[in-house]
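Student: Got a structure for you, written out below as structure tokens; questions coming shortly.
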Amino acid sequence: MARFTTSLLIAALVAAAGTASAESRGSWLISGGMLNDTTALVGSRNHWSVDYLPDGELFWGLQPLYGLGAFGDGGAYLTAGLRKDFHWGRITLTPHTGTALFESGQSGTFIDDETIQFRTGLDISLPLNERLAVSLGYFHMSNAGLNKASADADTFRLGLRIHY
């Protein structure tokens, strides 16, 4: 069942990627941070991630978000979701939510119970110039209590958002 769910999720991600306009601009968010909770399934407090934020809208003004991240213990995730940029003066607030394919790093392989997680967060960006912005963010990744194999990771991060 987990393989079917994973295949279905990957197919949905590929289909959603094709809906954004090829002419639209976007940005990359490169970040690093720390986990807030040492009881998480992730065994290390270090976190690094790269998120791609294309400008094309999917529906209702929502935009896609694709990312990958790694933890210091070898854990990793691949995520896709939805986001919305809200501009407040020079500041941009970006709430986001999505699903993630996750491996804890403690198991060395994908465990059926831990593979599907959900990532929800908020990033706040302040532009440095026309192409660069500094970003401060937070996200929570868990399996919404579906079973005991939850990532349960609360991560604070500092990043650089590069517009192209």
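Just so it is clear, none of the values below were taken in a lab; they were calculated from the coordinates. Since we're looking at a predicted model, the values are computed, not measured. In this analysis, Cβ positions are derived from the backbone assuming ideal geometry, glycine residues included, and neighbour counts consider all displayed protein chains.
Student: What does the net charge come to around ILE162 if you take all other residues with beta carbon closer than 12 Å to its beta carbon, with K and R at +1 and D and E at -1?
Tutor: So the surrounding residues net to +1.
Student: Extension gain LEU68-VAL134, at 0.36 nm per residue separation less the Cα-Cα distance, in nm?
Tutor: 21.9 nm
Student: Which whole-Hz ³J(HN,Hα) couplings does segment 128-137 yield from phi under the Karplus relation 6.51 cos²θ - 1.76 cosθ + 1.60, θ = phi - 60°, glycine and proline marked x?
Tutor: Using θ = phi - 60°, the values come out as 9, 7, 5, 10, 10, 9, 8, 10, 10, x Hz.
Student: Need the full-extension length gain, LYS84 to GLU57, defined as separation in residues times 0.36 nm minus the C-alpha distance. One decimal, nm.
Tutor: Full-extension gain reported as 8.8 nm.
Student: If you take every residue apart from PRO95 with its C-beta less than 14 Å away from the C-beta of PRO95, what net charge results, scoring Lys and Arg +1 and Asp and Glu -1?
Tutor: Taking every other residue near PRO95 into account, the sum is 0.
Student: Can you tell me which of 118-131, 81-94, 63-76 comes out highest on packing, and rank the rest after it, using the mean Cβ neighbours within 10 Å?
Tutor: So the order, starting with the most tightly packed, is 63-76, 118-131, 81-94.
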